[in-house]
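Engineer: Sharing a structure with you now.
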Amino acid sequence: NTIDELYGLNPDFMSVTYGAGGSTKDKTVEISSYIQNKYNLTSIAHVTCISSTKNEIDNILASLKDSNVHNVLALRGDFPKDADANVFPEDGFRNSVELIEYFKSNSDLCVGAACYPEKHPDAKDLDADIDFLKRKVDVGADFLTTQMFFDNEVFYDFHEKIQKKGINVPVIAGIMPLLNKNQIKTIKNLTGNSIPKKLRRILDKYEDNPEALKEAGMSYAISQIIDLLSWGVDGIHIYTMNKPSTAKMILGSISAIRSVLTNESK
């Protein structure tokens, strides 16, 4: 039902995530195949390499090929609970650069990679993270999709910096509406993303009124998206968290803008 509702919104693609340590890899391929083949809609299967051997990745490649899935997002992934972050399978991958390179050498997949406008939590600083991002592109990443961000100026500065480094592949901006208090805490803990003053005022004002917070958070995300589209962003990935109502509200608010952009691209 969720896929049916999302498909009705005419998205360019659907992205299918992957559990920590590859814990849901079979489901990821199955759902990606279902989207691709039942709906004839581009699906992007997330594939992580932490704890995976090359043989396991080969099996995933074979499954993707058999399932007619042509697009992946290649990620290092999160370490499974209680796993040693310094221990890797002998015949495995240390990072996403190695996974991207392996995909490009052993398949015809279109391979995407992640990027972080405020740097990856494990990176020393943004410059070091951009250097690592350049390696992803140099080994064959076809496009980039960002971690969620809440300040468009941060994204614009990041985009300028990566272009100066010679990174010219399409960059899809990731936007997640903040709709409840628990979501806000989780995102800050997981990503380390900063909350701009404008958004912080909104959250502080309405945090004790769930409906008002949801409305304000949605409005903030919509304003971000309108600004990004006006700037000329390559694409937008809405983190719906499997809630079609979120995407419906956003797209319903920008339907005329979307029509203008669609006509311009023809």
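Engineer: Is it the case that segment 111-124 has a residue that's hydroxyl-bearing (Ser, Thr, Tyr) and at pLDDT 95 or above?
Structural biologist: Within segment 111-124, one or more residues are hydroxyl-bearing (Ser, Thr, Tyr) and at pLDDT 95 or above.
Engineer: Inside segment 158-175, can you point out the residues that are over 19 Å from the mean Cα position of the chain (by Cα) and surrounded by 12 or more Cβ atoms within 10 Å (Cβ to Cβ)?
Structural biologist: Answer for segment 158-175, where residues must be over 19 Å from the mean Cα position of the chain (by Cα) and surrounded by 12 or more Cβ atoms within 10 Å (Cβ to Cβ): Lys161, Lys165.
Engineer: Moving to a separate point now. I'd like to verify a number: residues in segment 227-244 that are farther than 19 Å from Lys181 by Cβ, touching a residue at least 24 places away in the same chain (Cβ under 8 Å) and exposed (fewer than 14 other Cβ atoms within 10 Å of the Cβ), how many?
Structural biologist: Total meeting the criteria: 2.
Engineer: Moving to a separate point now. From the set of residues in segment 104-129 that are under 14 Å from the mean Cα position of the chain (by Cα) and of a type in the set (Gly, Ala, Ser), which is farthest from Ile162 (Cα to Cα)?
Structural biologist: Gly112
Engineer: Report, by residue number, each residue of segment 226-253 that is out of contact with any Phe, Trp or Tyr (no Cβ under 9 Å at 6 or more places or on another chain), of a type in the set (A, V, I, L, M, F, W, C) and farther than 25 Å from Ile35 by Cα.
Structural biologist: If the condition is that a residue be out of contact with any Phe, Trp or Tyr (no Cβ under 9 Å at 6 or more places or on another chain), of a type in the set (A, V, I, L, M, F, W, C) and farther than 25 Å from Ile35 by Cα, then Ile226, Leu229 are the ones that fit.
Engineer: Need pairs with beta-carbon distance below 8 Å; first residue polar (S, T, N, Q) and within segment 248-266, second in a helix (DSSP H, G or I) and modelled with pLDDT of 90 or more; sequence gap 6+ or separate chains.
Structural biologist: Short answer, once both residue conditions are applied: Ser253/Ile222.
Engineer: Do we find a residue being aromatic (Phe, Trp, Tyr) and in contact (Cβ under 8 Å) with a residue 12 or more places away in the chain anywhere in segment 197-212?
Structural biologist: No, that holds for no residue.
Engineer: Is it fair to say Ala173 is of a type in the set (Gly, Ala, Ser) and closer than 28 Å to Tyr18 by Cβ?
Structural biologist: Yes; evaluated as a whole, the condition is true for this residue.
Engineer: Restricting to segment 209-242, count the residues that are of a type in the set (Asp, Glu) and outside any helix (DSSP H, G or I).
Structural biologist: The total comes to 1.
Engineer: Further question on the same structure: For Ala62, which of the numbered conditions (1) among the hydrophobic types (A, V, I, L, M, F, W, C); (2) assigned to a loop (DSSP other than H, G, I, E, B); (3) without any contact (Cβ under 8 Å) to a residue 24 or more places away in the chain fails to hold?
Structural biologist: Failing condition for Ala62: (2).
Engineer: Of the residues that make up segment 184-206, is at least one surrounded by fewer than 18 Cβ atoms within 10 Å (Cβ to Cβ), under 16 Å from Gly217 (Cβ atoms) and aromatic (Phe, Trp, Tyr)?
Structural biologist: The answer is yes, given that some residue of segment 184-206 is surrounded by fewer than 18 Cβ atoms within 10 Å (Cβ to Cβ), under 16 Å from Gly217 (Cβ atoms) and aromatic (Phe, Trp, Tyr).
The values are calculated or read from the model by the stated rules, or taken from the named source; none is laboratory data. All figures in this text were calculated on a predicted structure; none of them were measured in a lab. Every residue, glycine as well, gets a Cβ built from its backbone with ideal geometry; the counts of neighbours run over all protein chains shown.
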